[in-house]
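The values are calculated or read from the model by the stated rules, or taken from the named source; none is laboratory data. This one's a predicted model, so the numbers in the text were calculated from it and none came from an experiment. Heads up, the Cβs are rebuilt from the backbone with ideal geometry, glycines too, and the neighbour counts pull from every protein chain shown. The accessibility values were calculated without ligands, DNA or RNA, using every heavy atom of the protein model including side chains. Shrake-Rupley method; radii C 1.70, N 1.55, O 1.52, S 1.80 Å.
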Amino acid sequence: GKSISYSLVSGQDSAFFSISSQGQLSFIETPDYEVPFNEGGSNTYLFTVTASDGVQSASLEISVIVTDALEGRVIDGPLSGAQVFLDLDGDFELDPDEPQTTSDDMGYFVLNDSEVSCADSRQCLSNVVAYGGVDTSTGTQLDRLLLIAQPQRNKDFVITPLSTLLGSAAVPADIINSFGLSVSGEELSILDPWQLAKNSDGSLLAVNQQLGLVLQTLDTLLT
């Protein structure tokens, strides 16, 4: 019946964590798989927690493993509430075995694909699909808008109308050149057009919004 206090035992990776009076454990800073905090960059954090009632105590050794995830943003304007999933079989429909999530209020998403095996190389070349959502810049509900992008597994990437066009192009470089853009496809995949526009360069955002309008118009004509 005595109250229990919790503490982290100093050593190894304990400095990266905090523990509440109720024993709730958390990272002090959000971990990043690509830039691990701990020495050696193993993404496995080891430490010990002690619980005490003031008379007796017990300790538990804990191992926290940070796994990789696909991280990025869905943008026409930023699309909130878009269904984002890894399209393992290429049918553009969410299946029960496909990792999925929902974009947040500013279009950001974190898609956990840690259970996807790259033994089948096709799975690691699968598109990430974003379906529907609300354009936060206009408040417009885009129920039928489908966007795709090739995932970048070591950096944040964007899913946009332009990435959708490049994903279906036989020669993506020709599409990029036709818009007068002097970047590679890989560079384009990580350029956030919304952030660029906030920094006074709205050219890439304008291209994407024009393409988005074309995609929506085509969908209306075909349904």
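Considered as a group, the residues in the range 145-201 that are surrounded by fewer than 16 Cβ atoms within 10 Å (Cβ to Cβ) and among the β-branched types (Val, Ile, Thr) include one that is farthest from Asp219 (Cα to Cα), and that residue is Val183. Any residue at all in the range 186-204 that's β-branched (Val, Ile, Thr) and more than 17 Å from the chain's Cα centre (by Cα)? No, the range 186-204 contains no residue that is β-branched (Val, Ile, Thr) and more than 17 Å from the chain's Cα centre (by Cα).
One residue stands out among those in the range 90-105 that are part of a loop (DSSP other than H, G, I, E, B) and within 12 Å of the chain's Cα centre (by Cα): the one that is surrounded by the most Cβ atoms within 10 Å (Cβ to Cβ), which is Ser103.
Restricting attention to the range 1-41, the residues that are open to solvent by less than 70 Å² (accessible area, probe 1.4 Å), of a type in the set (S, T, N, Q) and either more than 28 Å from Gly72 (Cβ to Cβ) or not in a strand (DSSP E or B) (or both) total 6.
Is the range 51-67 home to any residue that is within 17 Å of the chain's Cα centre (by Cα) and surrounded by 15 or more Cβ atoms within 10 Å (Cβ to Cβ)? Step through it out loud before you land on a result.
First, pick out the residues of the range 51-67 that are within 17 Å of the chain's Cα centre (by Cα): 66-67.
Within this subset, residues satisfying the condition of being surrounded by 15 or more Cβ atoms within 10 Å (Cβ to Cβ) are 66.
Checking the range 51-67: at least one residue is within 17 Å of the chain's Cα centre (by Cα) and surrounded by 15 or more Cβ atoms within 10 Å (Cβ to Cβ).
Being among the β-branched types (Val, Ile, Thr), surrounded by 11 or more Cβ atoms within 10 Å (Cβ to Cβ) and over 13 Å from the mean Cα position of the chain (by Cα) is the requirement here; does Val84 meet it?
On the way: among the β-branched types (Val, Ile, Thr): yes; surrounded by 11 or more Cβ atoms within 10 Å (Cβ to Cβ): yes; over 13 Å from the mean Cα position of the chain (by Cα): no.
Answer is no for this residue.
Say whether the condition of being of a type outside the set (S, T, N, Q), modelled with pLDDT under 90, touching a strand residue (DSSP E or B) at 6+ places or on another chain (Cβ under 8 Å) and on the phi > 0 side of the Ramachandran plot is met by at least one residue in the range 31-41. No, every residue in the range 31-41 fails to be of a type outside the set (S, T, N, Q), modelled with pLDDT under 90, touching a strand residue (DSSP E or B) at 6+ places or on another chain (Cβ under 8 Å) and on the phi > 0 side of the Ramachandran plot. In the range 157-168, the residues that are within 13 Å of Gly107 (Cβ to Cβ) reach residues that are open to solvent by less than 10 Å² (accessible area, probe 1.4 Å) and of a type in the set (Val, Ile, Thr) with C-beta atoms within less than 6 angstrom, at least six apart or across chains, in these pairs: Val158/Ile75; Ile159/Val74; Thr160/Ile75. Checked against (1) open to solvent by 30 Å² or more (accessible area, probe 1.4 Å); (2) outside any strand (DSSP E or B); (3) charged (D, E, K, R), Asp113 passes all but a single condition, namely (1).
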